[in-house]
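See structure below.
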Amino acid sequence: MPKVVIDAERCKQCMLCVRYCPRASLRLSDATTSKGYHPVEQHDEEACTGCAICALVCPSVCIEVYR
Amino acid sequence: MAELTLVNPYPDALTGVEMRYCPGCTHGTAHRLVAEVIDELGVKDRTVAIATVGCSVYAYEYFDTDAVQASHGRGPAVATGIKRVHPDSVVFTYQGDGDLASIGMAEVVHAAARAENFTIIFINNAVFGMTQGQMAPTTLLGQKTTTSPRGRTVAEAGHPIRICELLDTLDGAAFLAREALTTPARIRSAKRSIRRAFETQLAGAGFSLVELLSICPQWWGMDVLEAIDHVEDTMIEYYPVRVFRDRLGEEEGGGDA
Amino acid sequence: MSEQRQRVLITGNEATAEGGIAGGCRHFFGYPITPQNKIPEYMSEHLPPIGGVYLQAESEVAAINMVYGAAAAGARAMTTSSSPGISLMQEGLSYMLGTELPCVIVNMVRGGPGLGNVAAAQSDYWLATRGAGHGDGRCITLTPYSVQELHEFTAGAFEIADRYRNPVCVLADAILASMMEPCELLPRREPSPPERPWAVGPHDPAERERNIVNSLWVDHNLMEAVNLRIEERYRQAAEEITDWEEFGSDDPEVVLCAYGISARICESAVGQAAQAGVRTRLIRPKTVFPFPRAPYARWAERVERMLVVELSMGQFVEDVLLSVEGRCQVDLLGRAGGSMPTVADVVERVVALAGKAGGH
Ligand SMILES: Cc1ncc(C[n+]2csc(CCOP(=O)(O)OP(=O)(O)O)c2C)c(N)n1
Ligand code: SF4
Ligand SMILES: [Mg+2]
């Protein structure tokens, strides 16, 4: 199963990955980063196909996709 | 189960220093695409990045290549000097619309006319980001900025400048494209153009520029997703996304035209 | 030295251009402006055949930034201009100071302010010695007074720029630029600048880290450190390269102070004043930053009056005043806008001053 690893500390909650994930597998978490953002998390690992669109649109370069 | 492999390794041509851009700012996306292209072409050790003046002023901290920080608008002149000393180097400037289309207009036009063999990554976010949201030469009519508080009017500030169309009149330009850093498909297309621009330089074919329509949610007064939609719905109408010129392609594809 | 030097009759502009080539410059960027057009013309003819680069920039703003790029890439780079063009180069010079890069600029000063005229003037003294744009830091400034010196100082300027990692300005004027004199040419040196471990360009990553040429230091301590480094180099330069020439009486009644073309006038005035019965001595700086304070201070102890002759309403005179520190009276014979004092004008002032000198 593909895996998405998010460097939460670098996530700035811009929502681009959440919007463009074709399988709606990402969402904001309740956690708070040291800068005060709610980082993205993958809530539906089953849905993920490892397409890496989240990483493609991420301006913070903080998403790794394993497939 | 097969072992998992990382499909998007962090670009070697980025240092890993955390970029100080606002949430969602597509300067970060542009940096990543340029770095990926440098890696794919294997030219990191002969690349010189020219950081200019704007929100991307720290580009020299982000690109893991040799770098020169240029004064506001003069990146193309600095790039010219470097390229004339080291023709085998791979040089790119990274300029905003204030830097390139306002204060640095003469330098970019003449570099293009001279067919200087380097690449410009031109970030058009229709505003002066770094200095807190003033009107840029690329600000759309009606767009509110901190110095066009009632919206830009022709009477007060004239018309926005289309850089690709303007440079498309110059014989020295070998590759010109406008792309948008919005949807996944457009970002992929942007990367293809960036790669093409660097390939144009590597082939010694002359001047190349990729204009990237970019968002500035901070000074557009929008959230990130609204800003993306604004590019799609409004900005692209005035700034059409397309490849204006591709000399290499013309040569290669000459047969099947 | 035993090497055979070629002796030719050439203009100051040509001597300057050939001086650049002799000094190892192979990258020239410039924008035409009278009275120095012969320099870019000469470079466009002579550089490409020896593998060099001549590029006509779109403006002086672009020219100095091309020099900035070429210097960052490790080349001995040069630009030349005249007053209005040098005004446009100030920001670029400031960046070169901030990034501690060497380069050579030549200013064939013309009458101003504004578009002015193309006659000789010395009214860019402050621009050269105080200027180099915003921030602390200045151009090391050399003041030749003959075609031969234009040639030699320009050639030597590259060495100085390299040693102190600072822009060097050769400050001359419209007359020196266009006058013809015999000149012994230096041999053309191969462009072999010292090691530049800081330069950008293609490299083997095993051999060095990446290089960054940058003048942005948000941390004020780091920014001050750059300034302290620059200042230390100026202190060193003051010890090592300050240069001047003295000429005339060993027991003067009046000391003449002048550089460049004004010093030529004063040289003649020394002889004619003697005929008029007044003993004078000329102190002529060959560098004005660093400024030769010592000879002015020394002679200020021994004479009551000095006369500064300059083609401006009083810029160079301030450095003389700073040097004599009130130890003697300093008078100014200044002409501006391209006007020149004659030798007779200088002698007349000297005679008048000598009369006053004994009389109080
Ligand atoms: C000579 C000079 N004038 C003005 C400035 C101030 N300044 C810094 S960035 C900037 C505008 C940057 O806008 P842009 O190039 O569009 O970059 P952005 O921040 O939008 O990415 C200005 C005017 C400067 N640094 N130097
Ligand atoms: S101000 Fe605008 S351009 Fe600058 S980092 Fe923020 S969003 Fe990006
Ligand atoms: Mg902008």
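If the condition is being surrounded by 24 or more Cβ atoms within 10 Å (Cβ to Cβ) and aliphatic (A, V, I, L, M), then the stretch C:98-124 contributes C:Leu101, C:Val104, C:Ile105, C:Val106, C:Met108, C:Val109, C:Ala120, C:Ala121.
For (1) closer than 25 Å to C:Val61 by Cβ; (2) away from chain C (no Cβ under 14 Å); (3) more than 16 Å from ligand 2 (Cβ to nearest atom), each residue gets a yes or a no:
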position: B:Ala115; (1), (2), (3): yes, no, yes
position: B:Thr119; (1), (2), (3): yes, yes, yes
position: B:Phe128; (1), (2), (3): yes, yes, no
position: B:Gly133; (1), (2), (3): no, yes, no
position: B:Thr153; (1), (2), (3): no, yes, yes
position: B:Ala157; (1), (2), (3): yes, yes, yes
position: B:Arg162; (1), (2), (3): yes, yes, yes
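You will find that of C:Asn227, C:Asn214, the residue that is out of contact with any Leu (no Cβ under 8 Å at 6 or more places or on another chain) and either open to solvent by less than 40 Å² (accessible area, probe 1.4 Å) or hydroxyl-bearing (Ser, Thr, Tyr) (or both) is C:Asn214 and no other.
Looking across the stretch A:1-38, the residues that are outside any loop (DSSP other than H, G, I, E, B), within 12 Å of chain B (Cβ to nearest Cβ) and open to solvent by 60 Å² or more (accessible area, probe 1.4 Å) come down to A:Lys3, A:Glu9, A:Arg19. Can you name the condition, by its number, that C:Pro193 falls short on among (1) open to solvent by less than 70 Å² (accessible area, probe 1.4 Å); (2) part of a helix (DSSP H, G or I); (3) of a type outside the set (Val, Ile, Thr)? All conditions pass for C:Pro193, except number (2).
Limited to the stretch B:90-107, what total is found for residues that are surrounded by 23 or more Cβ atoms within 10 Å (Cβ to Cβ) and either small (Gly, Ala, Ser) or farther than 23 Å from B:Gly133 by Cα (or both)? Give the steps one after another, and end with the answer.
Quick first cut of the stretch B:90-107, residues surrounded by 23 or more Cβ atoms within 10 Å (Cβ to Cβ) only: B:90-101, B:104, B:107.
If we keep only those that are either small (Gly, Ala, Ser) or farther than 23 Å from B:Gly133 by Cα (or both) as well, we get B:90-92, B:96, B:98, B:101, B:104, B:107.
Selection size over the stretch B:90-107: 8.
What's the total number of residues in the stretch B:66-88 that are part of a loop (DSSP other than H, G, I, E, B) and either surrounded by 24 or more Cβ atoms within 10 Å (Cβ to Cβ) or more than 7 Å from every other protein chain (Cβ to nearest Cβ) (or both)? Counting residues in the stretch B:66-88 that are part of a loop (DSSP other than H, G, I, E, B) and either surrounded by 24 or more Cβ atoms within 10 Å (Cβ to Cβ) or more than 7 Å from every other protein chain (Cβ to nearest Cβ) (or both) gives 6.
Sort through B:Glu211, B:Glu226 and tell me the only one that's in contact with a strand residue (DSSP E or B) (Cβ under 8 Å, 6 or more places away or on another chain) and closer than 21 Å to A:Cys58 by Cα.
Working: B:Glu226 fails: in contact with a strand residue (DSSP E or B) (Cβ under 8 Å, 6 or more places away or on another chain).
Of the residues listed, the single one that is in contact with a strand residue (DSSP E or B) (Cβ under 8 Å, 6 or more places away or on another chain) and closer than 21 Å to A:Cys58 by Cα is B:Glu211.
Of these, B:Thr52, B:Thr15, B:Thr5, B:Thr47, which one is more than 20 Å from C:Tyr95 (Cβ to Cβ), among the β-branched types (Val, Ile, Thr) and under 18 Å from the mean Cα position of the chain (by Cα)? Just one listed residue meets the conditions, B:Thr47. Of the residues making up the stretch B:1-34, those that are touching a residue at least 40 places away in the same chain (Cβ under 8 Å), facing chain A (nearest Cβ under 8 Å), assigned to a loop (DSSP other than H, G, I, E, B) and at negative phi are B:Met19, B:Cys22, B:Pro23, B:Cys25, B:Thr26. Checked against (1) under 14 Å from B:Leu213 (Cα atoms); (2) open to solvent by 30 Å² or more (accessible area, probe 1.4 Å), B:Leu170 meets all criteria but (1). Note on the stretch B:109-226: enclosed strands (runs of 3 or more DSSP E) holding 1 or more residues that are within 13 Å of ligand 3 (Cβ to nearest atom) and of a type in the set (D, E, K, R) are B:207-213. Within the stretch B:191-219, restricting attention to residues that are over 14 Å from A:Cys14 (Cβ atoms) and within 16 Å of ligand 1 (Cβ to nearest atom), the residue that is farthest from the chain's Cα centre (by Cα) is B:Trp219.
For the stretch A:39-54, the tally of residues that are open to solvent by 10 Å² or more (accessible area, probe 1.4 Å) and of a type in the set (Gly, Ala, Ser) stands at 2.
When the stretch C:66-91 is filtered for residues that are open to solvent by less than 10 Å² (accessible area, probe 1.4 Å), at the interface with chain B (Cβ under 10 Å from one of its Cβ atoms) and in a helix (DSSP H, G or I), the ones remaining, listed by number, are C:Met66, C:Val67, C:Tyr68, C:Gly69, C:Ala70, C:Ala71, C:Ala72. Filtered by the rule that a residue be surrounded by 24 or more Cβ atoms within 10 Å (Cβ to Cβ) and within 12 Å of ligand 2 (Cβ to nearest atom), the stretch B:135-147 gives a lone residue, B:Ala136.
I need the full set of residues from the stretch B:38-53 which are more than 16 Å from ligand 1 (Cβ to nearest atom) and crowded, with 24+ Cβ neighbours inside 10 Å, in order please.
Step one: filter the stretch B:38-53 for residues more than 16 Å from ligand 1 (Cβ to nearest atom), giving B:38-48.
B:Ile38, B:Thr47, B:Val48 - these are the residues of the stretch B:38-53 that are more than 16 Å from ligand 1 (Cβ to nearest atom) and crowded, with 24+ Cβ neighbours inside 10 Å.
State all residues of the stretch B:44-65 that are over 22 Å from C:Ala75 (Cα atoms), part of a loop (DSSP other than H, G, I, E, B) and more than 8 Å from every other protein chain (Cβ to nearest Cβ); if no residue qualifies, say none.
First pass over the stretch B:44-65, keeping only residues over 22 Å from C:Ala75 (Cα atoms): B:53-59, B:61-64.
Next, from what is left, pick out any that are part of a loop (DSSP other than H, G, I, E, B): B:53-54, B:64.
Answer for the stretch B:44-65, where residues must be over 22 Å from C:Ala75 (Cα atoms), part of a loop (DSSP other than H, G, I, E, B) and more than 8 Å from every other protein chain (Cβ to nearest Cβ): B:Val53, B:Gly54.
Within the stretch C:28-65, which residues are of a type in the set (A, V, I, L, M, F, W, C) and within 12 Å of chain B (Cβ to nearest Cβ)? Write out each step before concluding.
Residues of the stretch C:28-65 that are of a type in the set (A, V, I, L, M, F, W, C), as a first pass: C:28-29, C:33, C:39, C:43, C:47, C:50, C:53, C:55, C:57, C:61-64.
Of everything in the stretch C:28-65, those that are of a type in the set (A, V, I, L, M, F, W, C) and within 12 Å of chain B (Cβ to nearest Cβ) turn out to be C:Phe28, C:Phe29, C:Leu47, C:Val53, C:Leu55, C:Ala57, C:Val61, C:Ala62, C:Ala63, C:Ile64.
The values are calculated or read from the model by the stated rules, or taken from the named source; none is laboratory data. All figures in this text were calculated on a predicted structure; none of them were measured in a lab. Glycine also receives a Cβ, built like all others from the backbone with ideal geometry; neighbour counts cover every protein chain displayed. Protein only, heavy atoms only, side chains kept; ligands, DNA and RNA dropped before computing areas. Shrake-Rupley method; radii C 1.70, N 1.55, O 1.52, S 1.80 Å.
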